[in-house]
Structure formats: C-alpha cells, structure tokens
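The values are calculated or read from the model by the stated rules, or taken from the named source; none is laboratory data. This is a predicted model, so every value here is computed, not measured. Quick reminder, even Gly has a Cβ in these numbers, built from the backbone with ideal geometry, and neighbours come from all protein chains shown. For accessibility, only protein heavy atoms count, side chains too; no ligands or nucleic acids. Shrake-Rupley method; radii C 1.70, N 1.55, O 1.52, S 1.80 Å.
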Amino acid sequence: MCGICGIIKYNAGEGVDRPVLEKMRDAMRHRGPDDAGIFINNGDKVSLGLGHRRLSIIDLSSTGHQPMSNESGTVWTVFNGEIYNYRELRAALEKKGYRFRSQSDTESLLYLYEEYGEDCVRYLRGMFAFAIWDNSRRQLLLARDRLGKKPLLYYNKNGRFCFASEFRSILESGMITREVNYEAINYYLTFGYIPSPLTVYKDVFKLPPAHILTLRDNDMRIKRYWQLDYSEKISISEEDAQDEVIRLLREAVDIRLRSDVPLGAFLSGGIDSSTVVALMSQLSDRKVKTFSVGFEEGDYDELKYARRIAERFSTDHNEFIVKPKALDVLPLLVERYGEPYADSSCIPTYYVSRDTRQYVTVALSGDGGDESFAGYERYQAMLAAQAYQAMPGAVKYAVGAVAAFLPDSLSHKNKIRRIRRFLDAAPLSAGRRYLRWVSVFDDGLKKTTCSDDFLNMVRTDNPIKLIESYIGGANSAGFIDRLLMADVNTYLPEDLLVKMDIASMANSLEARSPFLDHKLMEFAAKLPEQYKIRRFTKKYILKKAIGGVIPRENIHRSKMGFGLPVGKWFRGELKRFLKETLLSPSSFKRGYFRPEAIKDMVDAHINQKKDYAFQLWSLLMLELWHRQFID
C-alpha cells in the first residue's frame, strides 16, 4: 500500500526535474511513511520520472524498494496496492525461468508484464494502481484494479503527461491550472461525489476502475479490461449456492490475511463486517483485533451490535466515540480528498482508521457485500414501486391523496417521512426513481437553489443519463441486477471506496475488503435474482449461508448506515460554523447558487421547518474545498 507518481515529457530537451518529482512524491508521505524512491531517465525523445512512497506490508526488507526494475533494467514499475495471489503467480513464473530477488508482490507484477504484456492485469487478484515503463518500447502502462479500490489520476496536455495517487501530488507537478470543471460540480451536487473519469479540475482525470491506459510516442489510449456479467445465470440449488458463497468468502478472507505486519478488522456489527470477523476468527491462530466507532446519538450508534459479535468470537475489541468536535479534522480531510466529497461518514471512518492504526497496519472491512448481494433498502423500494405502478389508477390516486396529508418529519428514519419519500418517486421511470432516492440535490432543488449562470453552463440531464445507462434496460440483465450494476459502477467505486482509501491511507493504514474479491463478485453476479432478494428479504442467500455462524439479531437487524448526525449538530454546536461558512460573501461570490435560496435553506433547517442536513453538508464541503484549493 503506497503512493505513486510520475512525469513524462515529449518536448525535446525538456527533462524531468528531480525536485519537482520529489515534491509530488513527498506530498503523499502519509500513504507510505516507510520508504521513498525515485527513478529518472532523461532522453533525447522522451524523458521519464517515477516516484514512490512505501507502506511496508509484504517483504519488509530493502529488496521491496521502489521504483523496481527487472534484471536487465529495461522495465520499471511503481505499484500501489496488494496482489493477494502473488505467491501462486510467483511459483508459475519461476517455472517459466524467472529468477526473483525479493519476496515482494511487486516483482511478480514486473515479470508478469514481461510474460503477458498489458494482459498481466487479468492474472491479478487484489487491489492495485500501478505504472510500468517499458524502455525498449518507450511505452507507459497505467492500470487500475477491477473495482477501483486504489485511485489513479492523470494529466495529458501539450506533450506533458503526469499521474499520481492523490490530487495534492499531481498539483505539485506545476502542470495543472486550477480551472474548475463546472460539469463535475453538477455531478457533485447530484451524487455528493464526482464520477470517473471527471475530476473537479478541467485538465485532470481519473483512470476509471478496470481500465488500462497506454502512452506511447505521445499517443494515449484507454480501454476496459473487465466488467461483471449479470446476463449469464447459473442453475444452482440454494444449498449449493450457500456452500459456494461461504467457500469463496473464506478463500477471499484467507488470502487477505497474508501479511508481514499485524492485522485487525473494522466491525460495525452488520452482516458483512460480522461475517468477515467470524471467518477471520476461524482462520487465524490468534485473537482477532476488532475496531468500532459509535456516537452519543442513539439513532446512529451501532456499538451494541459490534459488541455482540466481539463477544461471540472473543475478539480483542476496541471502541471510539465520535463527538461534534470531530469536525476539527475537516481541513485535513478536505486536503486529502482533494476535490469536493460529501459523504459525512468519511469522518468516523477517518477516526476509526486512526484508532486502528495504533494497533495494526492492516484492517479488513465489510465493504462490497451490499452491492453483490442486494443489501440496500432502495432495492426493496424499487421493487415495491414496480408493484405500485401496476395498481389501478384510482387506487394510486387515493394513496397519493392520503400521503399528501401525512405530516413531515425531521428524522430520516421516521416511517411516515419514508412513505412520503417513496410515494413522491414511485410514479417515475426506474432511472429517475433511483436517482431521486440517491440524489443530494434533485433537479427540482437544483432549479430553486442554483444560479441561472451555473445552470446554463452545465447539462443538468447528465446524471440521469449516467444512471439510465445501467438501469434503463438497454442491457440483458434483470431489474435487480441492473440496480446492482449501477451501484457497482457508480456509488461503490466513486463514494465508498474513495472514502475508505483516503480515510485509511491518511493514517498509513491498509484496508482490505474480502467482499470485493472479483471471483466472489463474479459468482454473485451469476446467481438468480431471487437468491439476492426473496419476498423483500435482502441478501437472501448470504443470510442463509451465514445463518449458523452469526447471531440472528445481527443478521436481521435494520441497516443503520454510517453517517454523522450532522442535522442535529447544525442546529446546535455547529450552527455558527455553518452560517459563517455558507452565508459568507466569499461563498456567495462563487456564483453557483442564489444567495437568498441558501439563506432560506439554512434558516429552515436551523428552525426545524425542514431537514436539509445532506444538502447543507455537501454545500459546506464544496465551500471548504474552494477555500483550501482555489482561494
């Protein structure tokens, strides 16, 4: 687990400047505090520089130093991540005659490239972002793992190319003009994140998950090398499906226990993290260290569920309580994320990562279970809406008329509020219904809060086009699988995995996710839809598979989520901070919003007339990003 960066210049006589490359590299010291390296090759036609910061996990000796080359020095790489099947790859490569000088997984990647070229990515089981420079071909290969667990940014303009793991690093190249991409802001207001390949900067892009980029003689090409196939279904009994799910999960956990440093696990007490901890306890010869975060507000606190699992499997358990003063860490997180990012759970994730790092260097998590086995309530709601649309018109009219008189609530967990929210979106098309339920700012709220100048600069229909490309039915997948496909390609890599990578690496902690093992996900994609949701039971086959392992109370508990109670905090301890930030002259001068509309939104929330917690948090993060990176 590391930070990587690099520069290529095709302008004759313009070499790579070592101090600049060192600044890029050392801007990511938190990603790799254990070692640092640089390789520069200034030539007549092309100049190259590679930089690396190392967090030592496998092969703690100096033989794991990067940038790393093959024996002849013709191929060089910088690598970020972990190849979990590196031992098996090494054995196969040794049979082909390759001689290894280290015990690192990086060296397996080098020889895998020599043997298979860019197809080397197809053999990797793990999380990764890497660059390989082939001097004989004068070609750079960049690659990102299948699900997008490891980040990779790049810039390519006027014969200059650079890449990095984080925004602060790529900005240190001196190549980027900090011109804001307004279309990216449009996506951000909708989703709370900016989807690949866009970034908040016009000239900086994200290499999308499961893609490779080749650069040769200043000719850049990008292509996809993997994606889940939901159209090919297997015929399998429930019992056999349960057995295979557990077998693949156990295998995924087992290979993620390979480490030369101490390991632990994040534990929320939900199905996914509890399953990971249970399997770790079975596979480990020592007590598993577990780490949980909670809140003083009972509606958000999950510690009692985590404690039950910790007691069941006799783990070495540790807890941390997040309080409003947690926002003191916001400036650091704004810098680390590098672009506007509105998932408030980044703060508890940061704190549990910081606490965990005091005990271990690697932590396993339950990320990915919901996207493979259909764990979100919106999947149930989407099915219910399909049934609602099939009702006679008179029935729907009567239901809608009654719903209009239902009282609103300031609590996101209030049942009446959820019914009203459901009925508001139920008549819409599948794509628009899904978007309504995941949006921070829906189209209606954008029109009332955003300025005419901003709305005229962007394509407000782009977010729905993105969602409908997965949900709209153009592919041969079933309805539930199309919802999973949308989340696997948007919410999972662009929100959840970004959150975990930045929060953990800000604390020099490596996070591993067994549920994101691509072999497990490929199997889940082939399962019939009724094995994922059965009679409105979410995660049906996973719950059946772990029924004898996890306490029933943890399996059938309500999903709580992991966000901060910011709605309450904005009316209390953080009210002054909110108003001073969002209602400041500098904020209004950005030109994105109508000042009166933002004032009304703040007042309505503080005076408990309406709940705008998510919207105000996203505006707050947008303004703080501007102050740190633009002002």
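Within the set (i) 157; (ii) 203; (iii) 169, the number that volume of the Cα convex hull per residue in Å³ takes when calculated for this structure is listed as (i). Calculated on the Cα set of the range 430-524, radius of gyration then Dmax: 16.8, 48 Å. A protection proxy built from the mean count of other Cβ atoms within 10 Å ranks the segments 72-79, 274-281, most packed first, as 274-281, 72-79.
Think of the chain as a dipole: +1 on every Lys or Arg Cβ, -1 on every Asp or Glu Cβ, centred on the Cα centre; then among V498, I83, L153, V498 lies furthest on the positive end. Partner aspartates and glutamates whose Cα lies under 16 Å from the Cα of K95, excluding those fewer than 8 positions away in the same chain, are identified as E107, E114, E115.
With respect to the cross-link table entries K415/K539; K157/K325; K289/K526, which display a Cα-Cα separation exceeding 31 Å? Pairs exceeding 31 Å: K157/K325; K289/K526.
Taking the Kirkwood radius as Rh and the Cα radius of gyration as Rg, the range 69-220 has a ratio of Rg/Rh equal to 1.02.
Cross-link check: pairs K149/K233; K149/K206; K206/K499; K575/K610 evaluated at a Cα-Cα cut-off of 20 Å; pairs beyond the cut-off: K149/K233. Remark: the range 264-386 carries 34 Å² of accessible area per residue (probe radius 1.4 Å; ligands, DNA and RNA excluded).
For H317, the residues whose modelled amide H falls within less than 5 Å of its own, excluding neighbours fewer than 5 places apart on the same chain, are T290.
Within the accessible surface of the range 313-371, defined with a 1.4 Å probe on protein heavy atoms only, the carbon and sulfur portion equals 42 percent. For A511, the amide hydrogen comes within under 5 Å of the amide hydrogens of A363, counting only partners 5 or more places away or on other chains and with H modelled in the peptide plane. Contact order for the chain, expressed relative to its length and based on alpha carbon pairs under 8 Å spaced 6+ residues apart, stands at 15 percent.
Atom-type composition of the exposed protein surface of the range 563-631 places 49 percent of the accessible area on carbon and sulfur (1.4 angstrom probe). Surface exposure of the range 465-546, expressed per residue as accessible area with a 1.4 Å probe, stands at 28 Å². The lysines within cross-link reach of K589, meaning a Cα-to-Cα straight distance under 16 Å and a gap of 8 or more places when in the same chain, are K579, K599.
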